[in-house]
Amino acid sequence: MTNTSAPVWEAKRTDETRNVENLLRQDGFDRVDAYRYNLASIRVRVIDRRFEGLSIEERDARIEPLLAQLPEQTQADIMTLFTFAPDELGQPLNMEFENPSPSIL
């Protein structure tokens, strides 16, 4: 029997971050995760095979129009948008999403 625990960030999900996830999933992204990092900040991670070979700017350009549909306060709180192709998940930025450093707030 294996004991697997949920990633730390999953306990930081809220109804607001689930709304972000649901909105982006409607556009067909392979995987979308979001959590509230602290009182003033939401982190969003989008993993999709269509990001292969695209710059960060090109990736963000695909997501930002969707985020514009969210309530203004939610938009204002999204401080970090991580975009990865599936083969990029070993990057340090993804490790920061998975195991968030302590917040000073």
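The values are calculated or read from the model by the stated rules, or taken from the named source; none is laboratory data. It should be emphasised that the depicted structure is a prediction, and the values quoted were computed from it without experimental measurement. Here Cβ is always computed from backbone atoms with ideal geometry, including for glycine, and neighbour counts include all displayed protein chains.
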Worksheet item: Is there a residue in the stretch 82-92 that is within 22 Å of Glu16 (Cβ to Cβ), charged (D, E, K, R) and in contact with a helix residue (DSSP H, G or I) (Cβ under 8 Å, 6 or more places away or on another chain)?
Response: no
Worksheet item: How many residues are among the acidic types (Asp, Glu), out of contact with any helix residue (DSSP H, G or I) (no Cβ under 9 Å at 6 or more places or on another chain) and modelled with pLDDT of 95 or more if we restrict to the stretch 1-36?
Response: 2
Item to complete: Considering only the stretch 12-35, state which residues are without any contact (Cβ under 8 Å) to a residue 24 or more places away in the chain and in a helix (DSSP H, G or I).
Response: Asp15, Arg18, Glu21, Asn22, Arg25
Practice prompt. Would you check which residues across the stretch 65-94 are surrounded by fewer than 16 Cβ atoms within 10 Å (Cβ to Cβ) and within 12 Å of the chain's Cα centre (by Cα) and list them?
Written response: Met79, Thr80, Leu93, Asn94
Worksheet entry | Exclusive hit being out of contact with any His (no Cβ under 9 Å at 6 or more places or on another chain) and outside any strand (DSSP E or B), set Leu66, Leu81 | Leu66
Discussion item. Pairs needed: first member in the stretch 38-64, aliphatic (A, V, I, L, M); second member anywhere, part of a loop (DSSP other than H, G, I, E, B) and surrounded by fewer than 11 Cβ atoms within 10 Å (Cβ to Cβ); C-beta distance under 8 Å; at least 6 residues apart or different chains.
Written reply: Leu39/Leu105; Ala40/Leu105
Fill in: Candidate set from the stretch 9-61 (those that are among the hydrophobic types (A, V, I, L, M, F, W, C) and either touching a His at 6+ places or on another chain (Cβ under 6 Å) or surrounded by fewer than 11 Cβ atoms within 10 Å (Cβ to Cβ) (or both)); member that is nearest to Gln91 (Cα to Cα)
Ala11
